[in-house]
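Trainee: I'd like to ask you about the structure that follows.
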Amino acid sequence: MVFDRLPILKDRGKMKCSENMKKLIKKYQMMSYEEKMVLTTSFTMSISLLIAIGKIIIGIFSDYILCVVGSFTVILCLAKLECLIGIKKDNRDFRKRNTLVSVFLFLAGLLYIIYMAVSLSFSLPSKDYSKWKAISLALISFIELGLAISGLFKTKKKDHFYHDIKIIGFVSSLTAMLTTQVAILSFTQGGGGDPNYLSGIGIGIVTVLLSINIYFAPVTSVIGREKNSFVLTDHTINTKIKLEEENTLVLCKSRIYGNYVYHYSVKEGKTLSGTIKREKGFWKNTPMYLKILFIILSEILIFAWAIGYFIYFIRTVNMPKKLSKLMKRNGFSKLEDI
């Protein structure tokens, strides 16, 4: 009798497992973008940390390169962990945790620069890869880089810690791209040598610069400082601010990357209340066929785009402060300063 019921019990177990799986999938689908991001980051970070610790342990007894790569990953995981703790604590001790994220990313970049510089100085040989392994790595790395860049755009208007997680992910994807470069050069040119190490130093420098950006972001970015209100205190020097019911003041012009504007409404003829926004630039308004063409020519255009974006970034640093100065020159005072 007991053996006769075993198939029934197995079927019930499968049905229950299937129902639980459906509930978990439905629960995940109902989560917000931020909740999904915290969950996936926690999961991937735990796996990466375990693999990195394993690399360090193996590297101690066999290959110092594994120790360096493992240590780099551990530092990035610690930076992500600080972000997750900051999100969970709802930005309490924000300055402290933001500084720690910046310090961890700075150390990771510094470690990468030192490792690559030492490898370049002593002309250490690069690892060899087969053709198909190199192609597989290239595919995975390009997907990873694409997701990282997409994540950066999705989180650019969200809380600092969410954006920081994506910046750390972007750094990881850059190192994956370098692995791809090493793999491709190993079977096309018999090894990359100096170009690989120079690229690695470049990635380390980018990582250090991103860590500096994270440190200063709370006082230079628009995040959390979008809304600004002003009151007219001296109308005799106002030459630029229109006191219509609704208006838009251009703070920084850029057809390619998008204008930064202050969209405001006027109350009682002298009080302005509005939000700093970034309008859609050339890429957002570009037809699909042109986007495809740019992607095909990406190797030529990516450096020009990156240099232009760096200049744009410098021009748009601390937009709220720029707005306050402009308003002050036109006889306005910020409401919180009165």
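Trainee: Considering the range 20-61 alone, what residues qualify as being among the aromatic types (F, W, Y) and under 19 Å from I85 (Cβ atoms)? Working first, answer last.
Mentor: Taking the range 20-61 and keeping what is among the aromatic types (F, W, Y), we get 28, 33, 43, 61.
Selection gives F43 alone.
Trainee: Okay, moving on. Please work out if A134 is at pLDDT below 65, in a helix (DSSP H, G or I) and surrounded by 15 or more Cβ atoms within 10 Å (Cβ to Cβ). So that I can check it myself, show each step before the final result.
Mentor: Working: at pLDDT below 65: yes; in a helix (DSSP H, G or I): yes; surrounded by 15 or more Cβ atoms within 10 Å (Cβ to Cβ): yes.
Yes.
Trainee: How many residues does the range 83-115 contain that are farther than 23 Å from M37 by Cα and not hydrophobic (A, V, I, L, M, F, W, C)?
Mentor: Qualifying residue count for the region: 3.
Trainee: Mind telling me which of the residues L84, L39, L66 ends up being touching a helix residue (DSSP H, G or I) at 6+ places or on another chain (Cβ under 9 Å) and touching a residue at least 24 places away in the same chain (Cβ under 8 Å)?
Mentor: L84
Trainee: Where residues in the range 232-275 are among the basic types (K, R) and under 35 Å from the mean Cα position of the chain (by Cα), which of them is nearest to S333 (Cα to Cα)?
Mentor: K253
Trainee: Would you confirm whether any residue within the range 219-231 is in a helix (DSSP H, G or I) and under 21 Å from E336 (Cβ atoms)?
Mentor: Looking through the range 219-231, at least one residue is in a helix (DSSP H, G or I) and under 21 Å from E336 (Cβ atoms).
Trainee: Now for a different question. Which one of I143, I149 is under 27 Å from I65 (Cα atoms), of a type outside the set (S, T, N, Q), modelled with pLDDT under 75 and surrounded by fewer than 16 Cβ atoms within 10 Å (Cβ to Cβ)?
Mentor: I143 is the lone residue from the list that is under 27 Å from I65 (Cα atoms), of a type outside the set (S, T, N, Q), modelled with pLDDT under 75 and surrounded by fewer than 16 Cβ atoms within 10 Å (Cβ to Cβ).
Trainee: Going residue by residue through the range 94-105, is there one that turns out to be at positive phi and surrounded by fewer than 17 Cβ atoms within 10 Å (Cβ to Cβ)?
Mentor: No - not one qualifying residue is present in the range 94-105.
Trainee: Among the residues of the range 241-251, write down those that are in a loop (DSSP other than H, G, I, E, B) and surrounded by fewer than 11 Cβ atoms within 10 Å (Cβ to Cβ). Lay out the reasoning, then the answer.
Mentor: Looking only at the range 241-251, we keep the residues that are in a loop (DSSP other than H, G, I, E, B), and these are 241-245.
Within the range 241-251, E244, E245 qualify.
Trainee: Are any residues in the range 276-297 over 30 Å from M327 (Cβ atoms) and either modelled with pLDDT of 75 or more or more than 20 Å from the chain's Cα centre (by Cα) (or both), and if so, which ones? Walk me through it before giving the result.
Mentor: Our first condition is that a residue be over 30 Å from M327 (Cβ atoms); within the range 276-297, this holds for 283, 286-297.
Selection gives T286, P287, M288, Y289, L290, K291, I292, L293, F294, I295, I296, L297.
The values are calculated or read from the model by the stated rules, or taken from the named source; none is laboratory data. Everything numeric in this text was worked out from a predicted model, so none of it was measured. No Cβ is skipped: glycine too gets one built from the backbone with ideal geometry, and neighbour counts run over all protein chains shown.
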